[in-house]
Amino acid sequence: MTNKVRYPILVIDDEEPIRRLLQKELTNENREVSVAANAAEALKMVRGNWFDVVIMDLRLPDITDLDLLIKVKDTVPHVEVIMITGHGDIDIAVDAMKLGAYDFIRKPFNLERLELIVEKAHQRVLLSRENDILRHNSGQEKEAKFIGNSKAIRDIKFLINKVAPAKIPVLITGDSGSGKDVVARLIHECSHCSEHPMIIKNCATLQKDLARSELFGHMRGSFTGATETREGLMSFAHDSTLFLDEIGDLSLGVQASLLRALDTQTYRRVGEKEERRVNIRFLFATNRNLSEEVEQGRFNEAFYHRINGFNIQMPPVSERREDLPLLVDYFLTTLSPDNVPCHIVQGAMDCLMQYSWPGNVRELRNVIERSIILSENNIITERCLPSELVHSADISQACLTLESVEKKHILKMLDFFEENRQKTADSLGISRKTLYRKLSSYSTQ
């Protein structure tokens, strides 16, 4: 009988009773739980070990708020982080989810709910890891799903179909979580190199000192720790597409090397004298304003003009709200367990429609996945949604109600004074200019 490999969990909390409790309750035949008492100890552990799930206290004595979350996400590939919060930390916990935390739990713990969240987080880790293996090896990539039928999305699909057959580099811009990676996948799938897997790398995860090595590869002995020769992403992407996300995070030196690779379709591994010729389609993405980065001297100007030859701007969810029902339906279908989609009641759907979605599609997915976990009898109500989202929707609805009352009153007074705008403005106690502005806004609604 073989021993089953258990997946590793790290619990970070400065309270020893909580560390002992979680280590005891979460350890089983499937999980191995390690503990750390502070941020310094935790960072030392994640740099030398592999963890699938990290459970961390939001408040630690030796680090500020969300800094540890950012460092863990930057250090450990595919890790999912669950935050431990107190009653007064909900706003910060929401910020943590926007930065990539999987979910948060409040003290005192509901251990059954925590067990479920940990298992869901681990399943996401497995899926993410499988996808990376497929991308970086010879597996077949899954079809990209570009959900939406708004004019903005139709325009982007038109640009994708036009640019995909060309060899020109494409720069995809837009807010975090807006779907830039989906655009990249569709360009690849519609291109002449779609039979090969697209190679994807988020430049924000590259360690500064090793970025050149990971992109171009290195020769054995070329630097301390280089005990063997390794290929880089340029080699993997030969005859295919190399998609570099968050390109603004690369150093100026590496940008210059990439510019040369773009111009010559050649590269050298670190420590190598001979150049290698490759055939690569380059796609780039960023949530930064690169023209401002150039002005500040933080981005190579020549590299910027080279990659910005064809730009696709991904709109935020707030500018394509008509796509929200389609996105919600897609996530309900794909994220619900046992292929039994959950149903969302109208009140909950109204909350989703009125929310601003600063985290865009990524935030929407997290909210839907969390709501599915909290649903009862496969029904998602307002109670399943994050409280701050419902509160925000209530405020938006109240504002809309006040605007409609004001509009109705102004139009009624205008009719009373037989379209005499000066008398109407005087009766309302506003200037004639303000009245004109309000009436003009009504005509565009």
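Structural remarks
- Condition met for Lys162 (modelled with pLDDT of 90 or more, farther than 18 Å from His238 by Cβ and buried (at least 21 other Cβ atoms within 10 Å of the Cβ)): no
- Checking each residue in segment 151-188 for being β-branched (Val, Ile, Thr), in a strand (DSSP E or B) and within 25 Å of Gly100 (Cα to Cα) picks out Ile172, Thr173.
- Arg212 vs. criteria part of a helix (DSSP H, G or I) and either among the basic types (Lys, Arg) or out of contact with any Pro (no Cβ under 8 Å at 6 or more places or on another chain) (or both): yes
- Candidates His188, His218: the one that is crowded, with 21+ Cβ neighbours inside 10 Å and either polar (S, T, N, Q) or modelled with pLDDT of 90 or more (or both) is His188.
- Selection count where residues are part of a strand (DSSP E or B) and either surrounded by fewer than 20 Cβ atoms within 10 Å (Cβ to Cβ) or within 19 Å of the chain's Cα centre (by Cα) (or both), scope segment 304-359: 5
- When restricted to residues that are under 18 Å from Leu66 (Cα atoms) and assigned to a loop (DSSP other than H, G, I, E, B), segment 16-48 contains 2.
- Taking (1) surrounded by fewer than 15 Cβ atoms within 10 Å (Cβ to Cβ); (2) of a type in the set (D, E, K, R); (3) touching a Pro at 6+ places or on another chain (Cβ under 9 Å); (4) touching a residue at least 24 places away in the same chain (Cβ under 8 Å) in turn, Arg298 satisfies each apart from (3).
The values are calculated or read from the model by the stated rules, or taken from the named source; none is laboratory data. Since this is a predicted model, take the numbers as computed values, not measurements. Positions of Cβ are generated from backbone atoms using ideal geometry, with glycine treated the same way; all protein chains shown enter the neighbour counts.
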